[in-house]
Structures are given as structure tokens and as C-alpha cells.
Amino acid sequence: MPVARVSAAEDFIRARLVLTALPFRPDIVLYQPHPHSGLIAFLAEAGRDEPPYWAYAWAGGAALALYLRDNPQAVSGRTVLDFGAGSGLVGIAAARAGAAAVMAFEPDAIGQIALGLNAKANGVALIAAEAMAEAEIVLAGDVFYDAAVAARTLPVLKAHARRGAKVLVGDPFRRHLPRAEMTRIATYDVPDMGGGPEVTAGIFVLQP
């Protein structure tokens with residue numbers, strides 16, 4: 001993304017989105033939109049037609065954030081990859097749980113800016129990374145939300161599992177979640193999109 005557009009996105013997020021403590025993890029704050037933030041208009045002006053998944057705390061990520069709060073030993077002292085990082089919520093939770101280093105893979109250019117600002121607001125570091133960056137633990141929240149994305153995502157996550165990484169997936173039992181490939185280890189009732197009605201989301205270990 002050109003420098004001018006990076007600056008414009010940073011300025012917009014800081015000025016128009018609200019740094020908000022999450023109701024389910026009040027120790028974590030994220031820049032979030034509100035009805036008058038003008039997010040959709042800003043994205044249209046920037047020529048971005050991708051949905052702003054990075055602007056919300058989705059249910060799978062929320063469940064992973066709670067799992068890491070309850071089980072910090074899952075990542076403590078280990079290298080972590082937040083795969084499809086979005087807002088950076090899961091990576092921030094991993095850093096708070098004591099991960100040695102947290103990398104974040106997020107394909108959306110504005111999402112990369114947003115997660116960097118969110119990490120800074122929470123006093124943690126998230127290192128930009130590629131999809132196959134090597135880590136001991138791979139965390140993937142809400143990455144099976146439609147068939148096309150699931151078809152691209154599953155082979156990458158299985159490749160991580162085959163090379164020895166532990167892959168933890170957070171998902172509210174969406175239709176395209178490949179449950180036959182996973183073992184569920186925890187369940188949480190969490191708000192979707194950071195503040196909507198609660199849904200039940202699972203934490204799953206992906207098998208190689």
C-alpha cells in the first residue's frame with residue numbers, strides 16, 4: 001500500500017474508530033467502528049471492496065482469547081503465528097499469555113495497519129508474517145466462514161500441523177468448519193462481532 005494511503009488509513013482508524021475495552025476480555029482494547037464512524041464510505045473512497053473483517057472481534061477469535069486467558073501455558077514461552085489475524089485480537093491475547101514472540105498473518109492491507117495500531121494500544125508487539133511463517137503454535141480464529149476461504153485455508157493449516165506446529169482453531173461451528181479434521185477441546189459462549197448476541201464457539205486442535 002502506498003505511504004499516503006497507509007497514513008490515511010492510520011489517521012482514519014485513530015480519529016473515527018473508538019478504542020474500546022472488549023466486554024469478554026476487558027484487559028484488551030481494540031479500535032472498533034460505530035454507526036457514525038464512516039467506515040464503509042472510507043473503504044469505498046479507498047477502492048477497497050473487501051469486508052472489513054479486521055474491524056470486529058468475531059466469535060472464534062473471542063473464544064481463542066478466552067481460552068488463552070484460561071490456559072496461558074498453551075503459548076507461554078513459545079513462538080506463535082496468528083493466522084488470518086484480522087484485528088489482532090488473538091495475537092494480542094497470546095502476547096498477554098506470555099508467548100515468546102507473536103507473528104501475525106493478515107492479507108488485508110488495511111487490516112495490517114489496524115492490527116498494528118491495536119497491538120500498540122495494548123502494549124504488545126505483533127510481527128508481520130507470511131502464511132507459512134514457522135511457529136510452534138498456530139492460532140486461527142474465524143478462518144472457515146465460507147467454502148472458498150475454507151478450501152484455501154485448510155491445506156495451509158494442515159501443512160503447519162504436519163511440520164509439527166500445534167494448530168488451534170476458534171470457530172462458532174460454522175457450516176464450512178472441517179470438524180472431521182479436528183478435535184474439540186473447549187467451548188465458550190461469546191458475543192459475535194464484539195458485542196452482538198452470544199453464540200457458542202469451540203476451540204479445536206487440527207489434526208495433521
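I'm checking my understanding of the structure. Among residues of segment 25-47 that are open to solvent by 60 Å² or more (accessible area, probe 1.4 Å) and not in a helix (DSSP H, G or I), which one is farthest from residue 196 (Cα to Cα)? Talk me through it step by step, then tell me what you get.
Within segment 25-47, the subset open to solvent by 60 Å² or more (accessible area, probe 1.4 Å) is 26-27, 34-36, 40, 44-45, 47.
Narrowing further to those that are not in a helix (DSSP H, G or I): 26-27, 34-36, 47.
Numbers: 26: 16, 27: 19, 34: 13, 35: 14, 36: 18, 47: 28 Å.
It comes out as 47.
Quickly run through segment 67-96 and pick out the residues that are surrounded by fewer than 22 Cβ atoms within 10 Å (Cβ to Cβ) and either outside any strand (DSSP E or B) or in contact with a helix residue (DSSP H, G or I) (Cβ under 8 Å, 6 or more places away or on another chain) (or both). Write out each step before concluding.
From segment 67-96, those surrounded by fewer than 22 Cβ atoms within 10 Å (Cβ to Cβ) are 69-74, 76-79, 96; that's our starting set.
Hits for segment 67-96 are 69, 70, 71, 72, 73, 74, 77, 78, 96.
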Inset, instruction - Would you check if there is a residue in segment 132-142 being more than 13 Å from the chain's Cα centre (by Cα), farther than 17 Å from residue 32 by Cα and in contact (Cβ under 8 Å) with a residue 60 or more places away in the chain? - result: yes
Inset, instruction - Could you run through segment 101-112 and say how many residues are among the aliphatic types (A, V, I, L, M), surrounded by fewer than 22 Cβ atoms within 10 Å (Cβ to Cβ) and assigned to a helix (DSSP H, G or I)? - result: 1
Legend entry - Conditions (1) at pLDDT 95 or above; (2) within 23 Å of residue 128 (Cβ to Cβ); (3) small (Gly, Ala, Ser): number failed by residue 63: (2)
Inset, instruction - Run down 167, 143, 149 and say which single residue is open to solvent by less than 70 Å² (accessible area, probe 1.4 Å), assigned to a loop (DSSP other than H, G, I, E, B) and closer than 20 Å to residue 201 by Cβ. - result: 143
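The values are calculated or read from the model by the stated rules, or taken from the named source; none is laboratory data. Not measured: the values here are computed from a predicted model. Heads up, the Cβs are rebuilt from the backbone with ideal geometry, glycines too, and the neighbour counts pull from every protein chain shown. SASA here: full protein model, heavy atoms, side chains in, ligands and nucleic acids out. Shrake-Rupley method; radii C 1.70, N 1.55, O 1.52, S 1.80 Å.
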